[in-house]
Every structure is written in structure tokens, then in C-alpha cells.
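Remarks on the structure that follows.
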């Protein structure tokens, strides 16, 4: 992007398998993107890779999708949704990752990406967000509300 203050409309890519990745973006690139750009609320590269394998149907019986945004052929943001295969008490969809290049945050790209992803999924959607993560304001703007307190038993 030539002018750092100029907001360009991104090209959105609805990706359901590895063959649908935008030109110039590999699965390894995507793993690194979500790992690096979600800091400090990031997952390990191995966990990101497992999630993408699930989303892209590389795990038998599992499916989901990604919506990736590019500008001038460069990946600037994306989200990953997993189809849980459930419904009702456990929402059908899990919004797993959202990331936008740090220098482009606050310009509405995250909302555009999430809105596009919501158009591509059926059923309810849930997500997990840390209390300190400023992205929770983005999620509220697109319509998410806090319904439950999540509790976990962590085993080593």
C-alpha cells in the first residue's frame, strides 16, 4: 500500500481447502500469519496448523473455512471458522482466529472479514476471547454478546 493512511478495499477469499488459498499464500504462510499477527493472544504454530487442517477438511469428518483478505496480492488479514457439527447448546460454528496486520488495525478490516465469514456459515457462532484482548470490542460491534463464563480444568 503506497499511502499508509489510505484504506483500500481488500479482496476477500473464501477458502475451504488448501487448493483455494490465494496465489502466493501457502499453508505454512498462513500458520505463520495467524501465529505472529495474533500476539500476544496467539496459539503455537503446531496448534494453528492443526486448526487449519480441521478447517480445510484435512482431518477426516471435519470441516470449516477461512476468509482471507489481500491487498495488492499481500495477505493483510483473515479469520478461521470451524464447523463443530453440533447445534443448540453448543453452537454449530466456532470463530477460532481473527488477525489483521498490526499497522492496519482500527481501519475496519477485521469487521469486513468477520462479516464476510458470517455470510458463509449457517447456525450460531461462538468464540473465546481473553478479557484483556481489545478485539472483544470488534466482536461486540459485529453482534457477539457475552453469554457464559468459560471455565476450564487444565491437565498437564
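Numbers below:
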{"quantity": "Single residue of 24, 108 found to be over 11 Å from the mean Cα position of the chain (by Cα) and within 18 Å of residue 138 (Cα to Cα)", "calculated": "108"}
{"quantity": "Any hit, region 21-31, residues being without any contact (Cβ under 8 Å) to a residue 12 or more places away in the chain and either crowded, with 20+ Cβ neighbours inside 10 Å or farther than 17 Å from residue 126 by Cβ (or both)", "calculated": "yes"}
{"quantity": "Residue ranges of strands (runs of 3 or more DSSP E) in region 40-156 with at least 3 members touching a helix residue (DSSP H, G or I) at 6+ places or on another chain (Cβ under 6 Å)", "calculated": "63-71, 74-83, 93-100"}
{"quantity": "Any hit, region 116-128, residues being in contact (Cβ under 8 Å) with a residue 40 or more places away in the chain, surrounded by 16 or more Cβ atoms within 10 Å (Cβ to Cβ) and more than 22 Å from residue 27 (Cβ to Cβ)", "calculated": "yes"}
{"quantity": "Selected residue [out of contact with any strand residue (DSSP E or B) (no Cβ under 6 Å at 6 or more places or on another chain), modelled with pLDDT of 95 or more and closer than 24 Å to residue 142 by Cβ] from 47, 36, 53", "calculated": "36"}
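The values are calculated or read from the model by the stated rules, or taken from the named source; none is laboratory data. Nothing here was measured: the structure is a model prediction, and the numbers come from that model. For neighbour counting, all protein chains shown are included, and Cβ atoms are generated from backbone atoms with ideal geometry for every residue, glycine included.
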